[in-house]
1. Which of the trypsin sites (Lys or Arg not before Pro) across the stretch 31-83 are loop residues per DSSP, with 10 or fewer other Cβ within 10 Å?
2. Do me a favour and compute the ellipsoid semi-axes for the chain from its Cα gyration tensor, root of five times each eigenvalue, largest one first, whole Å.
3. Return the tail of the calculated pair distribution for the stretch 208-315, meaning the percent of Cα-Cα pairs more than 16 Å apart.
4. HN-Hα J couplings of the stretch 87-98 from phi, Karplus 6.51/-1.76/1.60, θ = phi - 60°, integer Hz, Gly and Pro as x?
5. Convert each backbone phi in the stretch 246-262 into a coupling constant with the Karplus relation 6.51 cos²θ - 1.76 cosθ + 1.60 (shift: θ = phi - 60°), then list the ³J(HN,Hα) values in order as whole Hz, x for Gly and Pro.
6. Size of the dipole of the chain about the Cα centre, Lys and Arg at +1 and Asp and Glu at -1 on the beta carbon, nothing else charged, in debye to 20?
7. Computing the accessible area with a 1.4 Å probe over protein heavy atoms, can you report the carbon and sulfur percentage for the chain?
8. Return the long-range amide H neighbours of residue 43 (sequence gap of 5 or more, or a different chain), with a cut-off of under 5 Å between placed amide H atoms.
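The values are calculated or read from the model by the stated rules, or taken from the named source; none is laboratory data. Please read all numbers here as calculations on a predicted model, not as lab measurements. Virtual Cβ from ideal backbone geometry, glycine too; neighbours counted across all protein chains shown. Please note that ligands, DNA and RNA were not included when accessible areas were found on the heavy atoms of the full protein model with its side chains. Shrake-Rupley method; radii C 1.70, N 1.55, O 1.52, S 1.80 Å.
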Amino acid sequence: MATLSDPMDRFIAKLLKQDPPRAKSLCVSLLGDALGPHGGAIWLGDLIELLAPVGINERLLRTSVFRLVSQGWLHSERHGRRSLYLMSEQGQRNTARASQRIYEGPASEWSGEWTLVALPRTGGNGLAERAELRRELEWEGFALVAPGLFAHPATEARAAHDILEKLGIPDRALVLSARDLAGAGGLPIASLAPQCWNLDAVAEQYRLFIRHFGPLETLLDAPDAAEPAQAFALRVLLLHHWRRIVLHDPQLPMPMLPAQWPGIPAREMCRRLYWRLFDASEAHLDTVAGRENAGYRPLSPEIMARFGGRPGTLPG
């Protein structure tokens, strides 16, 4: 086992000191990225072993898993004195919803169509209900462009309908597809982007991501740079930090983004690092999570299309 004199262990320790991950959020990252593609089942003891190297102790992990069960992400099965945790259907839907934004990125082209969600002045929407709807829509990347009117230039109407269904209010809002007619003398909706979306804050997070993880590329150039356990820890931290940024990025189409948008080089760097760590990290995952676990399945082949596929290869 490598010691802290090892450059990779020092790098991991520095990442953890710079931005210590929260246990529950890190569990969600692990579920979606690593465990879901293998069937989403893991023994609690194996989960503890996987996350201990990234600063999550057993007490924090047990509390986080309990919360994920109570929130419907996981369900548990007792096998004697052991607990097997499995992703629920809700957990699978939640991770699938996030995966598109994590691995695919913003659209390179834009048709000019907008998806709008309008809240009628009447219709029974209380303040708490409206606040919850606003939180969900903003998580999806929508912005409030006028009182009671949310807009997004890339999200499909299906996403808005799914949010309304999830909240139990499918008949409380209008979901519309529209194209602005600024050519007729109106105000282009796209001109509201700097006011409606906090792109400066998102851009700074992408720059910080490049500063924190950029040195890893050089470290990985050394022969046998990362042992499987280190590769897995680095993959978990990489995806965890990346996920936190992109899920706060409205993912506007490329034509609407500022020039020199740092999300572009950040995504490309994340792609390179992800695939350089992937094989060794999978070997560690197989060793730990695959032992005595009948619910652990071979890797889903569709995962190989993440981030557009491995550099130098064609996806699929």
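1. 81
2. 37, 25, 17
3. Working: 3769 of 5778 pairs.
In whole percent, the share of Cα-Cα pairs in the stretch 208-315 beyond 16 Å is 65.
4. Karplus values, whole Hz, x for Gly and Pro: 5, 7, 4, 5, x, 5, 5, 4, 6, 5, 5, 6.
5. 5, 7, 9, 8, x, 6, 5, x, 3, x, 9, 7, x, 5, 6, 5, x
6. On the way: 35 positive and 35 negative charges, 138 e Å.
Taking the Cα centre of the chain as origin, the dipole is about 660 debye.
7. 54 percent
8. Long-range HN contacts for residue 43: 85.
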